[in-house]
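Input: a single structure, listed below in structure tokens.
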Amino acid sequence: MPIVNRVSDLHADIAAWRQDIHAHPELLYDVHRTASVVADKLRAFGCDEVVTGLGDTGVVGVIHGRAPAKGEMRVIGLRADMDALPIEEDTGLPYQSKTFGKMHACGHDGHTAMLLGAARYLAETRNFAGTAIVIFQPAEEGGNGAEKMIKDGLIDRFGIDQVYGMHNRPGLPLGQFSIRSGPSMASTDRINIEIEGKGGHAARPHNAIDTLLVGTQLVGQLQSIVSRSIDPLESAVISICEFHAGNAHNVIPQKARLTGTVRTLKAEIRDLVEKRMHEVVAGVARMTGARIDLNYQRETPVLVNHDAQVDIAARVAAEIVGEQNVLVGVPPVMGGEDFAFMLRARPGAFINVGNGDSAPLHHPAYNFNDEAIVFGTSYWIKLVESTLAA
């Protein structure tokens with residue numbers, strides 16, 4: 001296939017870009033170096049327009065096809081994320097992170113590099129009708145950068161009709177893609193719980209309100225929401241991931257703090273979990289005499305793929321790797337992804353590309369597999385040329 005052959009020719013360059021980005025990870029909206037590298041390359045490729053600072057540090061490239069748009073489909077958006085994670089890298093790679101406590105542990109370096117490779121090819125060939133918009137987003141890892149770019153005019157300013165995203169998937173073999181219609185990734189909510197009891201001497205617990213005991217009771221009762229308030233055929237996760245209390249072995253602490261996350265796949269289940277959490281917190285407070293404050297913050301919504309665009313994405317992927325290597329209808333996952341905001345704004349689909357037998361995402365030993373570049377970059381190119389056929 002000509003596309004795959006040309007991407008193979010570009011592979012060394014794309015891998016070099018990826019490794020450079022990997023060595024210089026940046027967090028959330030503070031992706032100034034990465035955004036500058038992206039913008040400079042898009043200009044060098046000959047994009048018709050390069051916009052920086054959208055959604056704080058996002059970058060957008062505009063590439064017009066060599067023919068006028070046909071029919072209703074005029075503009076397609078392709079999105080990659082740029083930010084890294086606050087994790088200390090443990091890979092020992094020659095291009096390991098040069099910044100202590102930060103690393104590309106989710107493959108956003110690979111996502112950015114693959115979309116840059118597609119932008120270079122599309123700007124060279126322009127073998128499509130209409131306009132391709134390449135979107136480089138900050139703050140996917142907990143900052144809702146997608147929502148901020150939309151609020152900053154991304155969709156309307158560029159007239160995007162459909163929007164597509166891609167993520168690498170450890171454990172999915174190289175040369176394979178996976179996708180599903182409907183709810184595909186969970187909503188993500190953050191919970192912060194402050195407990196105030198009555199501190200005292202460890203030898204006189206009857207004169208205190210023990211916040212450690214209150215906290216442990218609360219954790220157990222919160223888990224009963226999933227096991228006893230949610231239909232077993234539905235999906236929900238409540239995970240308390242931090243518990244801070246006390247600083248001495250013989251003092252009952254006055255205060256405790258818990259933080260965690262809630263994941264659901266349906267809006268009504270999300271509403272129910274939030275309601276029951278407030279009820280459980282109030283009940284434990286009455287039972288123990290402690291004051292408990294729950295701060296429930298909704299972050300990203302459920303990522304819902306659109307049926308028609310899933311069909312398009314699966315067909316394009318099959319043209320790259322063969323129908324037998326495109327897994328359609330895979331189970332949803334309880335991880336979150338703020339591309340969900342873009343799919344609420346426009347029809348589209350989010351697809352996974354195989355990263356092979358690698359360490360899992362968000363792990364200190366994770367590394368994006370450069371052998372996946374040819375598949376991901378070719379998918380982006382074929383998606384544009386198919387959807388905006390000249």
Q: Nearest 5 is fine: what % of DSSP beta bridges in the chain come out antiparallel, could you say?
A: 65
Q) Using 7 Å Cα-to-Cβ label points, what is the E49/E268 separation (nm, one decimal)? A) 4.3
Q. Once phi is turned into θ = phi - 60°, what whole-Hz ³J(HN,Hα) does the Karplus curve with 6.51, -1.76 and 1.60 give for every residue of segment 90-96, x standing for Gly and Pro?
A. 9, 10, x, 6, x, 9, 4
Q.
Cut-off 19 Å, label point 7 angstrom out along Cα-to-Cβ of A203: give me the residues of segment 252-289 whose amide nitrogen falls inside.
A. 252-253
**Q.** Charged-residue dipole, Cβ positions (Lys, Arg, Asp, Glu), segment 1-126 about Cα centre, Debye nearest 20
**A.** 600
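For the chain, what ratio Rg/Rh do Cα atoms give with a Kirkwood hydrodynamic radius?
Rounded to two decimals, Rg/Rh equals 1.05.
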Q: Can you find, among A317, L213, V7, the residue farthest towards the positive end of the dipole of the chain? Put +1 on the C-beta of Lys and Arg, -1 on that of Asp and Glu.
A: L213
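Could you give the length gained on full extension between K70 and V237, defined as 0.36 nm per residue of separation minus the Cα-Cα distance, in nm?
Working: separation 167, 0.36 × 167 = 60.12 nm, distance 4.50 nm.
Extra length available between K70 and V237 comes to 55.6 nm.
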Q.
Among the listed pairs K255/K275; K41/K98; K151/K266; K102/K266, which have their C-alpha atoms separated by more than 29 angstrom in this model?
A. K102/K266
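Once Rh is set to the Kirkwood radius over Cα pairs, what Stokes-Einstein translational diffusion coefficient, in µm²/s, holds for segment 187-300 at a temperature of 10 °C and a viscosity of 1.306 mPa s? Show your work: numbers first, answer last.
Details: Rh = 14.6 Å.
Stokes-Einstein gives a translational diffusion coefficient of 108 µm²/s.
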Q: Please get the size of the charge dipole for segment 187-300, origin at its Cα centre, with Cβ charges of +1 on Lys and Arg and -1 on Asp and Glu, quoted in debye to the nearest 20.
A: 260
(Q) Among 16-22, 48-54, how do they line up by average Cβ neighbours within 10 Å per residue, starting with the highest? (A) 16-22, 48-54
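Scaled to the compact-protein estimate 2.2 N^0.38 Å, what is the alpha-carbon radius of gyration of segment 295-354, rounded to two decimal places?
On the way: Rg = 13.4 Å, N = 60, 2.2 N^0.38 = 10.4 Å.
Segment 295-354 yields a ratio of 1.29.
Could you calculate the FRET efficiency of A16 with D357 from 1/(1 + (r/R0)^6), where r is the beta carbon distance between them and R0 is 25 Å, rounded to 0.05? Could the numbers behind the result be given before it?
Details: r = 24 Å, r/R0 = 0.94.
About 0.60, to the nearest 0.05.
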**Q.** Highest average packing first - 170-182, 338-350, Cβ atoms within 10 Å
**A.** 338-350, 170-182
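Which value results for Rg/Rh of segment 1-128 when Rg is the Cα radius of gyration and Rh the Kirkwood radius based on the inverse mean 1/r?
Numbers: Rg = 15.8 Å, Rh = 15.6 Å.
When Rh is taken as the Kirkwood radius, the ratio is 1.01.
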Q) Quick one: Cα centre-to-centre distance for segment 22-82 and segment 88-133, in angstrom? A) 12
Q: Report, please, the projected area of segment 85-142 averaged over directions, based on the convex hull of its C-alpha atoms, in nm².
A: 5.4
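Values quoted throughout were computed directly from the atomic coordinates according to the rules given, and no laboratory measurement underlies them. Owing to the predicted nature of the structure, the values given are computational and were not obtained by experimental measurement. Neighbour counts run over all protein chains shown; Cβ positions are idealised from the backbone, glycine included.
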